[in-house]
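Enquirer: Okay, handing you the structure first.
Here, each number is a calculation from the coordinates, and none is a lab measurement. Computed from a prediction, not measured in an experiment: that's the story for all the values here. Heads up, the Cβs are rebuilt from the backbone with ideal geometry, glycines too, and the neighbour counts pull from every protein chain shown.
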Amino acid sequence: MPKLMIDDRKIEVAPGVKVIAAAEQAGIVIPRFCYHPALGSVGACRLCAVKFLDGPVRGLQMSCMVEARDGMVISSTDDEAVDFRRFVIELLMRNHPHDCPVCDEGGYCLLQDETIAGGHAMRRSMGKKRTHRDQYIGELVQHEMNRCIQCYRCQRFYQDYCGYRDFGVMGSASRVYFGRYADGALENPFSGNLIDICPTGVLTDKPARFKGRRWDFQRAPSICIHCSLGCSITVNARYRELVRVEARRNDDINGHFICDRGRYGFAFANHPDRPRQARINGRDTSYEEAIQTTTQRLSEIARTLGPDSIACLSSSRAGVETQMSLKFLTRSQGWRQPGCFVDRSEQNSVTAAVGRLTPERVVSLGEIEKADLILVIGVDPILEAPMLALAMRQAQRAGAGIIILNPQPVSVPFAYDHRPISPDDLCSTLQKWTRSISSQTRTESHFVEKHEEYRGPETPSVPCPLPPVDSLLQNSRRPMIVCGTNIVGTAIIHAAADLARDIHSDCRFPGLFYVLPGPNAFGAAFASAGGKSFSDILPDIETGNIKALILVEADPIFQFPDQERVKNAVKQLDLLVVLDYVPSRSVGFAGQSLAEMVSPAPLHVVIPTLTHFETQASFINQEGRLQQTTPVHVNGLPMSQLTGGKHPPRKFRSDVPGAGARAAWQVLSELEAVLSSTPADSITFADIWYRIGLAWNISVENRTEIPGNLRILSTTVESEPMTEHYRDD
Amino acid sequence: MIPDDLKETLQRQIAATDHPREQVMDVVFILQDRFGYLSDPLLEEVAALVGMTPLEVEEIATFYEFIYRKPVGRHVIHVCDGVVCWMLEYQSVLDYLRSKLGIDYGQTTDDGRFTLLPTCCLGYCDRAPAMMIDRKIYGRLTPERIDEILGKLR
Amino acid sequence: MQILFQNRQPDRIASLEEYRNSGGYEALTLALKKYTRAEVQQLALDAVLLGRGGAGFPAGRKWMTVAESAPFPRYMVCNADEMEPGTFKDRVLIHTDPHQIIEGMIIVGYSVLAEKGIVFIRTSYENAARIMEQEIVRAKEAGFLGKNILGSGFSMEIAVHRSAGRYICGENTAQMRAIEGKRANPTQPPPYATEKGIWGLPTVTHNVETLACIPHILRHGPEWFKSLAATPTAAGTKLYCVSGRVNRPGCFELPMGTRLSEIIEDHAGGMQEGYQFKACLPGGASTRFLPKSFYDIEMDFDAMKQAGHRLGTGSIIVFDHKTCLVAATLNMIEFFARESCGWCTPCREGLPYIREILSRIESGEGCNDDIPQLRRMCRYLCNTYCALAPGAVSPVESLLTYFEDDVQEHIRQRKCPFK
Ligand SMILES: Cc1cc2nc3c(=O)[nH]c(=O)nc-3n(C[C@H](O)[C@H](O)[C@H](O)COP(=O)(O)O)c2cc1C
Ligand code: SF4
Ligand code: FES
């Protein structure tokens, strides 16, 4: 472990670490443009110059290009280094437009910061500035080439890191141009990261343009809910409107980046049709009245027809608190256990996957990058868990082999070995490999060494011949089994887990990684234990055995494939209660009232709820990691909708317009309190977590702030037995 | 745009290498010699031939001096502005060409015969001043010699 | 003593027969039949064969860095890019006796087991490219190239790669990218090209002239090669190009270490009528101006280095007293600014900035602050990714060192005093 001195601070770093990263470990941030921890060093911008005073390297050198070695004495504040850096800034500013006042990067621009920090303030050059024509590169990213300082980050991210080939660098010398061959939308589903990565205002967030300065925004750390990976994000809001989402660094999961779905998929929170006021049969009403009507009708139904005639359904998008509150409600009233899935087979698959993740085998997304062999079973990564594709690409760039078992080829930005195994043979093939490997003796050779020639991000999606899968698994040290839960049944989910379990050996440490259908599908598996999916209670609704249906952030009425059947079933209900924050089918019936749709119509109560941007909410990602969001702003009608996009009104009022929503778990707790005739006004977030802690038999010390590294696995928490109630048909 | 027989030749040439990409400039040169300049449709066909995206071909094509991405005349005159030619009568050669052809750098004569462009030292400093037309070098230029050279080019 | 030029004839290249009659391809036979690969490497090392491409790195040492266990195929690249202004020796050599270059490539190929040879040649040398292509075919027909050369079991093919024109493509790491069909941005070692070069495989690059020396070293031995030089520490002959204001510009093969004055006076025919020697660039545009005080300097790597100069390619550009050196420097900076690959800031942005200041001075709009600013830039432009920018500022820096008065005069008179 090299020991060195940077700015009189002694540090010890791992071998191979560059000086710029070593300094960062000691808390010294050396200026940089081209260097980025995820993209590595290329020594292009020359801003990270430091002076090597003693040791194996001497003189002015780029700290991003020199490896930290024993005995180095380095100064980042040496006069020559400082002057050199000022010189580099002077050169870059020679052509940079002085358009900071209208630039969306203004205020959090690395170039602004480094210019100030570098001390260059006077323009000496009298030459003309270089100008470029901008390109249209789609609706997500704005292109303003004149601001470019040629750090090559965008091109390196786009081509090397992501493996997409429609954006790059053209021209030479001082005419280099970063863009596309022709105007057109970027093809890379991770293109939004260009915004975070560009150190100046060339690539900015297009939908968020001119919506405000960084310092105008309310900002909060949050979690993306667009797939089961649960990437870390930072959300920005202004005037009660969600404005933009940025990637938030999380080395366990998403590293520095997120996908475009995660970055741009927040329109639901600003949706003009979002439910903001309680409604009974399409008529606005007060929250109190909605609660009263609901509880009255529920009590009636329970009294006359029995508690079994009330069914509740939540979803894998609802937070843990909501899912569990619903469970507590049903339990306290003796109703049916709640479900969380529309479809039975989905519930079975998720339950099977969650049941098979053990502490020894479970891996995070970050660890996928360290695999030396990845076996992908029944997942389309770009569709189901985009960042997984990016992680796999990084593994491959470091030498891992990737084998995709899928009847059809999938579109991913890396070369892979495609094994088109038919769905019928998949399970038996996995079992065959498991048997073959568990019975073989271990070998010492590594996959990486043996098959180096098969690497190559140069030729995406060109299948390359590889030896039999079992012998590859045999020779791998860190194989990862990545398995879907969407198109494969429980048998394959179990076979994947068996494979991971049985190939474990002294020299092989397999990881098991499931992709689940939703940001909190994992929690849904716990919450729905003992409950039924919508497809299983539908017959009971049709026969009139269920008379009241409570939907909590769930929309089975839209999602169930046989719409005619659902419509007829709804006629049989007496009461339909919908709690949600999106104008879902179940909430709004596409602009029609329920009575206009079906007759006889049940009593239709809608109670608006809060998104995870407006309330604290917890989600368990596909590896069992419990994560929480922080509210970024209060709920209410966005100012832009209130004033029709005009300037904020000058008349003041004491309430927030359109702020009728409550967190779903709060509504449910209140329903429970009213139905049980206990005081309702004191149920807090901590109370909910107290109850969840009891239910799962986990101790969460600080119940309002749960650490992001807490794993909730079926083997570690106590819950009701998560039996698969039904066999795969 | 590329006739079938030429395409087949190119395909064979590309198939003979381990890395199709290595052939990209060779293919571009062949096509440019034939069609005058690398137009967008040509560039796209090159990309398809060597298994690259148009952007990837553009990244390289725009890097170099002798790939023309805009229409040029039948003959491109590159006048050497290297330091030796500069010292030895470069300016008078350029002035003569300008007035004779009635065009400046970057322009093409109305009859589409000539395009005038500068170029760096051609490596013929022993015969300065020099110029290159259609990848052929002409040294020790004088107005008479220029007349003679251009006269032979249709 | 004409070695590389022994078969030189006016306006005609030496044929394969002529080359063989003068002992050509004997060295290859020796290498394949008599010497081990290690011995070949040692011979080059003992002969102190320093790279003629400008950097002067010992050739034998470069080959030794190709590890025995390194993967295949390996590459041998002949660097005939020669875009250094003022340099044309490689062109003359190819037009004189191409087979000694081919033979050199095969010998180096054998010594590192590189079976893929590539001649990287600039656009304006189309003629030379055709010569190489043609003579490669002849060498192959004669059994010196192809499968199992001379029954030795060693096989090699050589292909010609035409550059589309950028000075940076002469830099060997950029050149490897260019050959791969990528943008020619240099890369910084480690890994070295001899470990991971073209397509990640070991690659040895040599200048045309370096390669041409190799057959002769093998045939006559290192001691003979060392004895060719005019100075004790140097070895071999050198192709000196002379251009500019001299009577007989051209390329001359002379003992390494021949005095500058001798080259100019005796071989290049002295200064033209009415012109006096003012300065020269000794090794292309990326070397420092040599003023008259260095007129007798020995032109070899060591002596030049000791004098604080660089031999570079040994291509002497002679400037006379009527030529404005500020304008000449501006011309060269213009060239370097245009030819920068655009990768690192000091070179990409600094060279146009120097151009701006120099052109201001040249047109009489300079100010006194410009000189220190230029000095600062020259110092900092040496801290770049590759050697292009440090080379590019050599004329500027030496202009300020030796001819500051000229620069001052421009500023004082508010015009170019030479116009
Ligand atoms: C900007 C730049 C341009 C170069 N151009 C050439 C060139 O045109 N020809 C050449 O042989 N070497 C050139 N070199 C040197 C090469 O990088 C390399 O050192 C040389 O080809 C190695 O061959 P040698 O060992 O035989 O000298 C250049 C170097 C730099 C930095
Ligand atoms: S990968 Fe999934 S969780 Fe991550 S940002 Fe994208 S959609 Fe969100
Ligand atoms: S950060 Fe080191 S050169 Fe750019």
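Enquirer: Looking only at chain A, where both bridge partners belong to it, what percent of the DSSP beta bridges are antiparallel (to the nearest 5)?
Expert: In chain A, approximately 55 percent of DSSP beta bridges are antiparallel ones.
Enquirer: If you average the sequence gap of Cα pairs under 8 Å that are 6 or more apart and divide by the length of chain B, what percent do you get for the contact order?
Expert: 19 percent
Enquirer: If you don't mind, another one. Any idea what angle helix C:98-112 forms with the longest principal axis of chain C, computed on alpha-carbon atoms, 0 to 90 degrees, nearest 10?
Expert: 70 degrees
Enquirer: Please get the size of the charge dipole for the protein assembly as shown, origin at its Cα centre, with Cβ charges of +1 on Lys and Arg and -1 on Asp and Glu, quoted in debye to the nearest 20.
Expert: Computed charge dipole of the protein assembly as shown: roughly 1640 debye.
Enquirer: Also, I was wondering about something else. Dividing the alpha-carbon radius of gyration of the stretch A:1-154 by 2.2 N^0.38 Å (N being the number of residues), what value is obtained?
Expert: Ratio of Rg to 2.2 N^0.38 Å for the stretch A:1-154: 1.15.
Enquirer: Show log10 I(q)/I(0) for the stretch C:237-320 at q = 0.10 Å⁻¹, two decimals, from a solvent-free Debye sum over equal Cα scatterers.
Expert: Taking Cα atoms of the stretch C:237-320 as identical point scatterers yields -0.18.
Enquirer: Tally Lys/Arg at +1 and Asp/Glu at -1 over every other residue whose Cβ is under 13 Å from the Cβ of residue B:36; what's the total?
Expert: Around residue B:36, the surrounding residues sum to +3.
Enquirer: Right, something else. Could I have the simple spin-label model distance between residue A:597 and residue A:646, label points 7 Å from Cα toward Cβ, reported in nm to one decimal?
Expert: About 3.6 nm separates the two model spin labels.
Enquirer: Within chain C, what percent of beta bridges assigned by DSSP are antiparallel, to the nearest 5?
Expert: Counting DSSP beta bridges with both partners in chain C, the antiparallel share is about 45 percent.
Enquirer: Report relative contact order for chain C in percent, whole number only (criteria: Cα-Cα under 8 Å, sequence separation at least 6).
Expert: Value for chain C: 16 percent.
Enquirer: Which one of B:117, B:107, B:96 has its Cα pushed farthest toward the positive end of the charge dipole of the stretch B:75-151, where Lys and Arg give +1 and Asp and Glu give -1 at the Cβ?
Expert: The residue sitting most towards the positive pole is B:117.
Enquirer: Follow-up. Between the stretch C:85-141 and the stretch B:91-120, what is the C-alpha centre distance in whole Å?
Expert: The stretch C:85-141 and the stretch B:91-120 have Cα centres separated by 34 Å.
Enquirer: A further question on this structure: Rounded to the nearest whole Å³, what is the per residue volume of the convex hull around the Cα atoms of the stretch C:322-414?
Expert: About 79 Å³ per residue, rounded to a whole number.
Enquirer: Check which residues have an amide H placed less than 5 Å from residue A:488's amide H, if you skip close sequence neighbours.
Expert: The list, which skips near neighbours in sequence, is empty: none.
Enquirer: Which distance in Å, rounded to a whole number, links the C-alpha centroids of the stretch C:291-364 and the stretch C:31-66?
Expert: 31 Å
Enquirer: Please report, for the Cα atoms of chain C, the Rg to one decimal and the Dmax as a whole number; what are they, in angstrom?
Expert: Cα-based Rg and Dmax for chain C come out at 21.7, 73 Å.
Enquirer: Given a Förster distance of 45 Å, report the FRET efficiency between residue B:147 and residue A:117 from their Cβ-Cβ distance, rounded to the nearest 0.05.
Expert: 0.15
Enquirer: I'm a student and want to see the number: the projected area of the Cα convex hull of the stretch B:75-151, averaged over all directions, in nm².
Expert: Over every viewing direction, the Cα hull of the stretch B:75-151 projects on average to 4.3 nm².
Enquirer: Quick check on the stretch C:42-176: of the DSSP beta bridges with both residues there, what percent are antiparallel, nearest 5%?
Expert: In the stretch C:42-176, DSSP labels about 15 percent of beta bridges as antiparallel.
Enquirer: Right, another one. Please turn the phi angles of the stretch C:177-189 into ³J(HN,Hα) values with the Karplus equation 6.51 cos²θ - 1.76 cosθ + 1.60 (θ = phi - 60°), one per residue in order, whole Hz, x for glycine and proline.
Expert: 5, 4, 5, 6, x, 10, 5, 7, 9, x, 10, 9, x
Enquirer: Which distance in Å, rounded to a whole number, links the C-alpha centroids of the stretch A:557-628 and the stretch A:11-74?
Expert: 55 Å
Enquirer: Viscosity 1.002 mPa s, temperature 20 °C: Stokes-Einstein D of the stretch A:260-365 from its Kirkwood Cα radius, in µm² per second?
Expert: 123 µm²/s
Enquirer: Ordered by residue, what ³J(HN,Hα) values in Hz, to whole numbers, does the stretch A:47-55 give under the Karplus form 6.51 cos²θ - 1.76 cosθ + 1.60, where θ = phi - 60° and Gly and Pro are x?
Expert: After applying 6.51 cos²θ - 1.76 cosθ + 1.60, I find 8, 8, 4, 9, 9, 8, 8, 8, x Hz.
Enquirer: Positive end of the dipole of chain A, charges at C-beta (+1 Lys, Arg; -1 Asp, Glu), about the Cα centre: which of A:306, A:151, A:632 has its Cα farthest in that direction?
Expert: The residue sitting most towards the positive pole is A:151.
Enquirer: Express in nm, to one decimal, how much length is gained between residue C:305 and residue C:404 on full extension, taking 0.36 nm for each residue of separation and deducting their alpha carbon distance.
Expert: 33.4 nm is the gain from fully extending residue C:305 to residue C:404.
Enquirer: Taking 8 Å as the Cα distance limit and 6 or more residues as the minimum spacing, I'd like the relative contact order of the stretch A:473-563 as a percentage.
Expert: 26 percent
Enquirer: Another question, if that's okay. For chain B, what are Rg and Dmax over the alpha carbons, in angstrom?
Expert: 17.5, 49
Enquirer: Using only the Cα atoms of chain A, build the gyration tensor, take square roots of its eigenvalues as a ≥ b ≥ c, and label the shape rounded, prolate or oblate: rounded if a/c is under 1.5, else prolate if a/b is larger than b/c, else oblate.
Expert: Oblate is the answer for chain A, as a/c is 1.5 or above yet b/c matches or exceeds a/b.
Enquirer: Using 1/(1 + (r/R0)^6) with R0 = 45 angstrom and r between the beta carbons of residue A:283 and residue A:209, what's the FRET efficiency to the nearest 0.05?
Expert: 0.70
Enquirer: Mind checking which of C:199, C:60, C:19 is farthest towards the positive end of the stretch C:16-227's charge dipole, using Cβ charges of +1 (Lys, Arg) and -1 (Asp, Glu) about the Cα centre?
Expert: Of the options given, the answer is C:199.
Enquirer: Once you put a point 7 Å from the Cα of residue A:133 and another 7 Å from the Cα of residue C:150, both along the Cβ direction, what distance in nm separates them?
Expert: Label at residue A:133, label at residue C:150, 5.9 nm between them.
Enquirer: Now for a separate question. Relative to the longest principal axis of the C-alpha atoms of chain C, give the angle of the C-alpha long axis of helix C:325-339, reported between 0 and 90° and rounded to the nearest 10°.
Expert: Here the helix axis deviates by roughly 50 degrees.
Enquirer: I've got another one for you. List the residues, sorted by chain then number, that are 5 or more residues from residue A:532 or on another chain and whose placed amide H is less than 5 Å from its amide H.
Expert: Those qualifying (amide H under 5 Å, at least 5 residues apart or on another chain) are A:339.
Enquirer: Continuing with this model, one more query. If you count, for each residue, the other Cβ atoms within 10 Å and average over each peptide, how do A:295-306, A:140-151 line up from highest to lowest?
Expert: Result, highest mean first: A:140-151, A:295-306.
Enquirer: Got a sec? How would C:40, A:245 order by Cβ neighbour count within 10 Å, fewest to most?
Expert: Fewest-to-most Cβ neighbours within 10 Å comes out as A:245, C:40.
Enquirer: So for A:652, A:266, A:414, fewest C-beta neighbours within 10 Å to most, what's the order?
Expert: A:652, A:414, A:266
Enquirer: Once both axes come from the Cα atoms, what is the angle between helix C:388-402 and the longest principal axis of chain C, in degrees from 0 to 90, rounded to 10?
Expert: Compared with the principal axis, the helix lies near 40 degrees.
Enquirer: Let me ask another. For the protein assembly as shown, just the Cα atoms, rotate onto the principal axes and tell me the three extents in Å, largest first.
Expert: Taking max minus min along each principal axis of the Cα atoms, the protein assembly as shown gives 122, 76, 67 Å.
Enquirer: Here is a follow-up. What three numbers, in Å, describe the spread of the alpha carbons of the stretch C:188-294 along their principal axes, ordered from the longest?
Expert: The principal-axis extents, from largest down, are 55, 35, 22 Å.
Enquirer: Note the full-extension length gain between residue A:397 and residue A:292 as 0.36 nm times their separation in residues minus their Cα-Cα distance, in nm to one decimal.
Expert: 31.8 nm
Enquirer: Taking the Cα atoms of the stretch C:16-227, report the difference between the largest and smallest coordinate on each principal axis, in whole Å and largest first.
Expert: Per principal axis, max minus min of the Cα coordinates gives 41, 38, 36 Å.
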